[in-house]
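Participant: The structure's right below; bear with me while I get my questions together.
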Amino acid sequence: MAGVKAELEDLAFKFLEPDEYRALSRKVRAKKSERERTIERLRGPLAEELTRAGLSGFEITGRPKNLWSIYKKMKKRDKPFEEIFDLLAVRVLVNNIPECYHVLGVIHHEWTPLQERIKDYMASPKSNGYQSLHTTVFGPGGQLYEIQIRTREMHHTAEYGIAAHWLFKEGRSPDELDRHLAWFRQLLELQQDAHTPEEFLEFLKVDLYQDEIFVFTPRGDVKRLPKGATPIDFAFAVHTEVGQHCQGARINGRIAPLHRPLKNGDTVEVMTSQQAKPSRDWLAHVQTGRARHKIRQWIRQEEHERSLELGRDILAREVRRRRLEPPDDLRLERAAATLSVGTPEQLQAALGTGDIALGTIMRALYPDLPADELQAPKPTAFGRVIERLRLGRGIKIQGVDGLMVRYAQCCQPVPGDAVVGYVTQGRGISIHRSDCPNLLVLSTEAERRVEIDWQESEGETFVVRLAVGGEDRRGLYADICTAISESGTNIKSAELSTKDGAVFGSVLVEVENQTHLNKVIRAIRRLKGVTDVSRRESGPQSQPVVG
């Protein structure tokens, strides 16, 4: 690898600093003959001394320095070419490690070493596996010589890399090595990212044995992704923080939707914002196991925080309703231990998700309360009531005191969407779109999932948040507002930002149903410069507005 590295460095130097490259190249050529004669003045005497010491089969060669290495030392040490170039390099190759130290002893016996320049990379190899002995001595005529001493096996590793050395030793083919290394590298990444063994297996099936593409960062770094990967996959491949705050992308300098598949050779720039966060819709547009895992991880954390807040609210309301003393930390810890849920926080989060019934928690918190006061309705009673249910906005369900209907903030259902009801503890029925990824996180108990239909309701509108992205131009904000207004829609709020010629943000609109919503989306998409319009997760809870 050292040869490839030197060649690439010199090529880059030639094009990035052409004047310095040409000047340095001329000086090196002018000194070439003199340099070879100077190296020969050491090579001959050194060979004689090594032979006299009983060594055989060694090789002594000059070690030419590449131009970039010379230039870098000139800059680092702030010295002219003559002082840097006068430091000559010699390499000695031997058969085994004991001979390396033998050669070092012979050299130091004959020529005075610079103590601070003696390096033993055999006893302490570099992180990349490099091994060698380095020394700098005052050779014939007081000339400084840098000398490397290593075995031929070490030299092969240093020049061609540890992987090529493995090929050399084992007699394997390069293609076989590439396949092994690529597979092992992906395996390590997936294992580190997986939340559970089952998730690791899923990622393994998704990521391995796929066709690959190679795309570039604006700085020219290469990212290897599976075929069909999107800018979202790319963002998480760059860094988790980039993925979590991704709000737009440029592909080859042009604004593009986050769901657009990337092609080989694309240059991708991710636009980020601290206000941006992953959308559950992203799960349908990612290909890599890493991106899928990080999005699900974020969803789980969001759900935990929401469930915790909801659980605390439900418990506080119930305690106030019964005029009980609010539970202190010790009482909560005892209840959590009784129900085997770990911590008080986990206990309240489980209440928020409905995994533990309110009555069960109240009995654990207040064991002295009469049992009949804490008796929860039987599941069969829920079922009979739900079967007769025709949904309306904000009404109580007949027969079950306090059960309300609310619209899930995660997916913002509107009339016309296929929906599913989910019976929660203490908050009535939560209405989700049937394709809402959040349903996968919620409990799958059959008695808590309810098949429902919309019923017509005059004068009712629903708030939906739309994500908008495109190329910035004068008057775009006004055109978006006009298009929405002409679609017979009220704008609740609009948050649009611009950065580097791109516009992105969200618009909160009121619509009557899915048909009305699609009309609004089409109107915005027709505008010049708009590249993406889609439904997205809402911040505040999505609720109908009665007109």
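Participant: If R₀ is 45 angstrom, what is the calculated FRET efficiency for the pair VAL319 and LYS277, using the beta carbon separation as r and rounding to 0.05?
Facilitator: 0.85
Participant: Say the cut-off is 21 Å between C-alpha atoms; which of LYS223/LYS499; LYS27/LYS75; LYS14/LYS263; LYS72/LYS223; LYS73/LYS223; LYS5/LYS76 go over it?
Facilitator: Among LYS223/LYS499; LYS27/LYS75; LYS14/LYS263; LYS72/LYS223; LYS73/LYS223; LYS5/LYS76, the Cα-Cα distance tops 21 Å for LYS223/LYS499; LYS14/LYS263; LYS72/LYS223; LYS73/LYS223.
Participant: Apply the Karplus curve 6.51 cos²θ - 1.76 cosθ + 1.60, θ = phi - 60°, to the phi angles in segment 14-22 and return the couplings in whole Hz, x for Gly and Pro.
Facilitator: For segment 14-22, the Karplus curve yields 4, 8, 7, 10, x, 5, 5, 4, 5 Hz.
Participant: Skipping prolines and chain starts, which residues have an amide H placed within reach, meaning under 5 Å, of the one on VAL503, given they are 5 or more residues away or on another chain?
Facilitator: Sorted by chain and number, the residues that satisfy this are GLY470, GLU471, ASP472.
Participant: Per residue and in Å³, how big is the convex hull formed by the alpha-carbon atoms of segment 460-546?
Facilitator: 81 Å³
Participant: Between segment 31-66 and segment 333-366, what is the separation of their alpha carbon centroids in Å?
Facilitator: Between the Cα centres of segment 31-66 and segment 333-366 lies a distance of 80 Å.
Participant: Can you give the direction-averaged projected area of the convex hull of the alpha-carbon atoms in segment 2-165, in nm²?
Facilitator: Average projection, Cα convex hull of segment 2-165: 10.2 nm².
Participant: Go through segment 234-244 residue by residue and turn each phi into a ³J(HN,Hα) via Karplus (6.51, -1.76, 1.60, θ = phi - 60°); whole Hz please, and just put x for glycine and proline.
Facilitator: Once θ is set to phi - 60°, the couplings for segment 234-244 become 4, 4, 6, 5, 5, 5, 4, 4, 5, x, 6 Hz.
Participant: What are the ³J(HN,Hα) couplings of segment 346-357, residue after residue, when phi is run through the Karplus curve with 6.51, -1.76, 1.60 and θ = phi - 60°? Round to Hz, x for glycine and proline.
Facilitator: Karplus values, whole Hz, x for Gly and Pro: 5, 4, 6, 5, 5, 5, x, 7, x, 5, 10, 5.
Participant: Under a 5 Å amide H to amide H cut-off, with H placed in plane at 1.01 Å, what residues pair with GLY139 once short-range neighbours are removed?
Facilitator: The list, which skips near neighbours in sequence, is LEU144, TYR145.
Participant: Between ALA229 and residues 5 or more places away or on another chain, which pairs have amide H atoms under 5 Å apart, with H built 1.01 Å from N, and which residues are they?
Facilitator: Here LEU262 satisfy the definition.
Values in this text are rule-based calculations from the coordinates and carry no lab data. Small disclaimer: the values here were computed from a predicted structure and weren't measured. Using ideal geometry, Cβ is built from the backbone for each residue, glycine included, and neighbour counts are taken over all protein chains shown.
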